[in-house]
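The values are calculated or read from the model by the stated rules, or taken from the named source; none is laboratory data. This one's a predicted model, so the numbers in the text were calculated from it and none came from an experiment. Heads up, the Cβs are rebuilt from the backbone with ideal geometry, glycines too, and the neighbour counts pull from every protein chain shown. Accessible surface areas use protein heavy atoms only, side chains included; no ligands, DNA or RNA. Shrake-Rupley method; radii C 1.70, N 1.55, O 1.52, S 1.80 Å.
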Amino acid sequence: MNQRLYQLQSNPSVPAVVDASSEYRLVESAVGLQLFIADGSRLYGIDAPLDETLRESLHDSAAMESLLGAYLNSGAERAIGSDILSPPPLHSLSLNVAQSCNMACSYCYADEGRFGGKSRMMDEVVAFQAIDRLLLESDQAEPVLVGFMGGEPLLNRELVHKATRYAVDRAGARGVRFSMTTNGTLITERDAQLFHEFPFTIQISIDGNREENDRARPMRGGGSSYDQILRSLEILNAQGRPRQLSARVTVTPNTRDLPSILQHLLDLGFDDVGFAPVLVSPNPDAAFSSDDFDRFLDEMKACGRLAMAELKAGKPFPFSNLITALNEIHRGTHRPYPCGAGAAYLSVNAEGDVFACHRLIDDPDFAMGNVESGLDQNARSQHLAHMHVDKMQPCQSCWARYLCGGGCYHEVARRGRPGCDYIRGWIEFCIAAYAELSSISSLAIH
Amino acid sequence: MPEELPAADQVKIFPRNLTARAAKIVRGNPTNSRPESGVQNCYPGLEFDLRNIEQVFLRGLAFEYHRDDGAILVRVGAPITGVTAEEIKNRPLYLWAMYGQNKSDKDDPSLWGFRGQSGLDVWARVHDLLPGRVAVLLGPSPGFSSQISLPTARRILQAAYDAGSEAGSANTEFTMRSDEDNKLEYIVVSQIRSAYVDPQGVIAPDLFPPGELTKSLCAPWIYDFRDCVCFYWASNKPDIVDSEDGKTSFVNFLRKEVDRTDNPPQDITTYLGRRNLELTYEEMIGGWWEKLPVVLNDRESTAFSVAPTPSLTEYLTEDQVIAELTYLATVEHALIVEYLYALYSTTACRLKPAGDADGKTRTIFAAANEVFRVAVDEMRHFRWVNEILGLLGADPSVDRATVIGEAPSMASGRKMDMVRKYMARPFSLNPLNGKTQQWFIEVEAPSQYANQDLDGMYVAILESINFQPDLFREQRKRVLPIIKLIIDEGQRHFERFTSVQRSLAPFEESDYLRDVATTPPTARQQKLLDLCDAYYHSIEEVIKITFSLGNLSGGQLVKAAVRSMENLHEAAHLLASQGVLPQFNRPDNAPSAKRLSKPDSMAMLKSRAAIIHDSLQQLEAIGTDDEKSLALRHMAKSAALYQQLQDIVRNDRNEP
C-alpha cells in the first residue's frame, strides 16, 4: 500500500468521541478477550481481572477513557485526524487494453468488457502516453506499477507485450512492476515467457472446479473455460512462473462450499486464492442481498478455520482474504479511505481518458483527466475530500471503519453499503485469529 | 464507573499489534542498552560500558575507577551532607575500605581494604556486591592515612553498618574532621546499595539519565587493537606470528622492526620490556600501519603473489567431467580404505583415553583420531561425488580404484594428458609408519596448478565448469559449490596429515604401531575378519542403492550407511586389539549393474542381511566374552537396520 496515503497530520481539534461503541470493540478469542481500539487500529489482549470491568464500561465513553488512561497512558490526541488527503504522487496505473472479452460471465461488472459502450482496443499511442504520464506524475525516486485490465487484456496481446517493454525501458533504474487480471483462457507460451521475464503478478479469475467454474464462467461459443485455464497453468509452469500467480473467485449467492473451492484451487498450484462477493452485476440474481451475506460469512469463517489449522502449525496457507487481513491487523493499518483509487492509483480507458479505478472506467462521476492533456487534479482533490470515511454514513459510527475504509467506491456508488454486517463479522473473525496466532511464540509474524 | 479498579501494575493489558505497541511510550535508556541485547562485550563494550553502572552504587556518591591509584569520588550530592562538591574539588576523596556482602546474605559481611589497589581492582569488588546494606569509608588520599589501620576501619564501618541497619534509614553517615582546621579526615557512609533496575526490570531512569551508560564505549574503528583489554580486536589482528622465512616462531607482530626479514629479537619476559619494543600509538598512526606486513597462515610475508591463472589448455567436455568424477569417486573409496587400515594399525583405542592417561597415549590417540576424521571427510566426499553424478544424470560410482592418480585409458572416457604427471600409485594397505604418513601428505597436497596431482583433477573440473557457462546449465549452481568444498577440505587434510606427522615424530614407530600377528588368524579371528568384510561390502551396496534410487530416500539410506560404518569400526578395533587388521577384501561375486533397480536392491539387502546375521551368529558361538557381546549387540542392531532399509526401498516412490 502506498505509504503516502497515510501521511496525515494529527488533528487535536477533532470532535470528541460520540459513542464508545464506534471507538472500541471487545472481541472474544481462543486466547481471551481482545480490545480493539479504532483510533490507530490498536489491538490489546485483556487479562481476566479486567474483563468484567471493560464489558461494563464499554458503552460509556467517559468511563472507557478514564479506564484506558489509567492503564495505557494513551494520549488525548487522535492518531487519525479528519484531514483530507491531498492528491499524492501517482504510483500505479492500470491500462484497459481491451474493452472486450471472449467470455460471457453473467455477473461481469464490465458488461463483458464493454463497460456499457462499444468493444474497443487500446492502441500503442495511448498506451505509451499512459506510461509516460505515470512516470511523469509519480515520485521520481520510486518504482511504479503498470496494470493490464479489461475485458480480457490478452485479446490485445501485442499491446501488452509492447507496453511492457516500453515501460521497462522508460522506467530504467527506477524499476517497474506489472500486474494483470485475466480469465486465463488465452495464455500462450510467449505470454508466459513475458510474465516470467518481467516482474508480473498474474491474477486469474476462476470460480472452482470444472463444473462450478464452467457454470458461472462460460466461454463465448462454448467449451470449458476450466480446461483452458488448466492448459494455461501448464504453459506457465513450463515456461517459468510469474512472480505471483493468484486465483480470484467471484462468489455469487449460488456459490456453494467455499472451503472445498479454496482447497481445490490451492491444489491446482496457485500461489494464493481469494474470494470476492459480487455486489454489482447486470444480473440481479448474481448479486448479494443482505440475507445472502450471513451465509457467506459462515462460509468464509469455515475457510478461515481451515487456514488457521495450518497456520497454527507453522505451515503456509495462502487464503488471501485472511492473510491480508492478518497483515493489516498486525501493522495496525488505519485507513480513512478504502483503497488508493483516485489517490495514487488511476485507470485509463482505450481512448486515454483517466478514471479513478478499473471498475469506474467510463463513469463520468469519476473522470480524472486524460493521459495526453493531463490529470484533473481538481477532480482528484474533490474525490478525496468527499470520500473520507469519517464523512460517510453509516461509517461514522462503525468501530471497523479504519480497517474497512468505507467500501469499494464502485460498489457503494451503485448499491450503497449492504454488506457492513458481513465486513464487521469477518474483521472480528480475523482479529480473533490474529490474537490466537500471535500468541504462539514459535511462529514468526511478519 | 465501577468502584474497584485493580491497580495498574496488577492488570495486564497486552499490546498485541504494532500500533498498540507503538502507542506506549517508554522513557529511558535506549533499548540497545539492555543487558540481554548485548554483544557480551561491555568492557568497555560496543553497546554500553557495564562499569558505568557501579559508578553510582551508592546514592549521592559517584566514583570513577580508571585511575591507577584507586577509586576516586567525582560527584557528591543528596542525600550526602557530610561533604560538599566544592570540598572534593580541592581535596579529592578516595574509596579506602568497604564493608558489605558478596557471597550470601546469610553470612557476615566482609571487609575490603583498597590500599595500593588500582581503580579497576576496586571496581571488581564493588561489582561483586550483593544488593543489600553497604558501608564505605572515604578519605582524602589514596590508601589510608597513618591514623586508620585496617582493624580501625573495620570498627568504624561495622558501627556505621549496624547503625544504619537499626535505624533503617536511607542514608547514615558520619564525618570526622580535624579540630584545628576542620579539614575532612574521613567520612563513612552506610546505605542499601542502589537498585540498578526498577521493579519493572528497566534500568533505573533516575540513577542513569539517558546517555549515562553509553558515555564510554569501545571505538573499534580506531586502530586500537594494541590495548584492547577484552582482546576482541586483538583476536582479529595478527598477534603472534612466524617470521617470513618460517624459521622463527612466536614472534610479536607489533615489534617495531623495519626490516622484518632479519632475525627477530628474542622475546623479553617483562611487560614493560616487551612494550618498549612495540609500536607506540603515534608510530602506528604515523604510518607504521602501512609498513606492517601481510600475515598469511600465521606467517609474515612481504611478497604477495597473485593467484595462478588457469592453466588448462583445453577445458573438459560434459562427458569428460562425468568420466573424471566417476574415476575420482573410486579414488575417494580407495583412500578411505587406506586411511582406515592405517588407523587400525596404530595402538590407539576406539574411545578417547581417560583424563589421567599419559601424554604419549593421548598424543597417539589424537594423531590416530585425526586420520580417522580425515577418513570420515573422505566418506563425505565419496558421497558428494556420487551426488554430483546423480545430479548430472550419470550412474553411481562405488568401486574402489586399483591405482590412485591413474593415467586414463582411451576406453575410460576421461580426458587424456590432463595432468602433467600422473601419480600412478597402486592402492595398497599400509600401517601408519613414516613412509605412509608422508604418502598421505602427498596425496592430499594442494596443487597450485590445475594440471598437477589429485587435487588438480578437481580443480580442472571446477575450472571447466566455471569457465564454460553452457556446461551443465541446469545443475551447475549446485555442482560448483560441492566441488569447491571438496577442494577446500582437501587443503585442510593436507594440513592435518602434516600435523599428524609432526606429533608422531618424537616417537619410535614401535611406540605407536601395533604388533601385527605373524601367524595365520584363528577361527574366531577369521570370523571377525569375515564380519568386517561383510560390513564393508554392505556400506558400498547401500551407497549404490541410494544413488540408484535417486534422492528421495537418499538421506535415510546414507544414515544407514553411517551406522554400518560404526559397526565396522567397532569390529575392526576389536580385531586390531588382537593384532589382526581387517583386510577390506573386495566382494567375490561378479560386479553387478552400475545402477540398481528396486527389485535388485531389495534382493541385495536381503542377501546382505543374511550374510551379516550368519557371521554374527558364528562369532557368537565361538567368540570370547567381548566378541560374544559385540555379536549379540550387532545382531539386534543389524536386524532392525536392514528391516528399515528394506522398508525405505520398498516405499520409495521414485521408481515403479
Taking the stated definitions as given, is A:Ala287 farther than 30 Å from A:Gln129 by Cα and surrounded by fewer than 17 Cβ atoms within 10 Å (Cβ to Cβ)?
-> no
Out of (1) open to solvent by 20 Å² or more (accessible area, probe 1.4 Å); (2) modelled with pLDDT under 85; (3) more than 8 Å from every other protein chain (Cβ to nearest Cβ), the odd one out for A:Gly81 is which?
-> (1)
Only one of B:Asp511, B:Asp515, B:Asp533, B:Asp588 that is under 30 Å from B:Lys435 (Cα atoms), of a type in the set (Asp, Glu) and in a loop (DSSP other than H, G, I, E, B) | B:Asp515
Hey, among the residues in the range A:148-205 that are in a strand (DSSP E or B) and of a type in the set (Gly, Ala, Ser), which one's nearest to A:Ser119 (Cα to Cα)?
-> A:Gly150
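To keep it simple, each residue is scored yes or no on (1) modelled with pLDDT of 85 or more; (2) in contact with a His (Cβ under 6 Å, 6 or more places away or on another chain); (3) buried (at least 22 other Cβ atoms within 10 Å of the Cβ).
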position: B:Ala367; (1), (2), (3): yes, no, yes
position: B:Val385; (1), (2), (3): yes, no, yes
position: B:Met423; (1), (2), (3): no, no, no
position: B:Leu429; (1), (2), (3): yes, no, no
position: B:Trp439; (1), (2), (3): yes, no, no
position: B:Leu462; (1), (2), (3): yes, no, no
Scan the range A:345-360 and give yes if some residue there is touching a His at 6+ places or on another chain (Cβ under 9 Å), more than 14 Å from chain B (Cβ to nearest Cβ) and hydroxyl-bearing (Ser, Thr, Tyr), otherwise no.
-> yes
Inspect the range A:319-334 for any residue being buried (at least 19 other Cβ atoms within 10 Å of the Cβ), small (Gly, Ala, Ser) and within 14 Å of another protein chain (Cβ to nearest Cβ) and give the result as yes or no.
-> yes
Among the residues of the range B:86-108, how many are surrounded by fewer than 20 Cβ atoms within 10 Å (Cβ to Cβ) and outside any helix (DSSP H, G or I)?
-> 10
Do the conditions hold for A:Thr188, that is, is it without any contact (Cβ under 8 Å) to a residue 40 or more places away in the chain, out of contact with any His (no Cβ under 7 Å at 6 or more places or on another chain) and closer than 15 Å to A:Ile229 by Cα?
-> no
What about B:Glu627, is it assigned to a helix (DSSP H, G or I) and either at positive phi or over 39 Å from the mean Cα position of the chain (by Cα) (or both)?
-> no
In the range B:555-580, what residues are crowded, with 22+ Cβ neighbours inside 10 Å and assigned to a loop (DSSP other than H, G, I, E, B)?
-> B:Val580
Selection status of B:Thr31, open to solvent by 60 Å² or more (accessible area, probe 1.4 Å), of a type in the set (Ser, Thr, Tyr) and at pLDDT 65 or above = no
Kindly provide the set of residues from the range A:46-66 that are assigned to a helix (DSSP H, G or I) and farther than 23 Å from A:Glu436 by Cα, ordered by number.
-> A:Glu56, A:Ser57, A:Ser61, A:Ala62, A:Ala63, A:Met64, A:Glu65, A:Ser66
Can you tell me which of A:Ile423, A:Ile427 is within 14 Å of chain B (Cβ to nearest Cβ), within 18 Å of the chain's Cα centre (by Cα) and not in a loop (DSSP other than H, G, I, E, B)?
-> A:Ile427
Got at least one residue in the range A:292-313 being open to solvent by 30 Å² or more (accessible area, probe 1.4 Å), at pLDDT 95 or above, out of contact with any Pro (no Cβ under 9 Å at 6 or more places or on another chain) and of a type outside the set (Asp, Glu)?
-> yes
Within the group A:Arg210, A:Arg215, A:Arg248, which residue is surrounded by fewer than 16 Cβ atoms within 10 Å (Cβ to Cβ) and closer than 14 Å to A:Cys105 by Cβ?
-> A:Arg215
Any pair with Cβ under 7 angstrom, 6 or more apart, that starts in the range A:39-67 at a residue that is at the interface with chain B (Cβ under 9 Å from one of its Cβ atoms) and acidic (Asp, Glu) and ends at one that is surrounded by fewer than 18 Cβ atoms within 10 Å (Cβ to Cβ) and in a loop (DSSP other than H, G, I, E, B) = A:Asp47/B:Val11; A:Asp47/B:Lys12; A:Glu56/B:Pro2
Does A:Phe366 meet the test of being open to solvent by 20 Å² or more (accessible area, probe 1.4 Å), away from every other protein chain (no Cβ under 14 Å) and not β-branched (Val, Ile, Thr)?
-> yes
In this structure, does B:Asp358 turn out to be at pLDDT below 90, under 21 Å from B:Arg563 (Cα atoms) and either open to solvent by 10 Å² or more (accessible area, probe 1.4 Å) or hydroxyl-bearing (Ser, Thr, Tyr) (or both)?
-> no
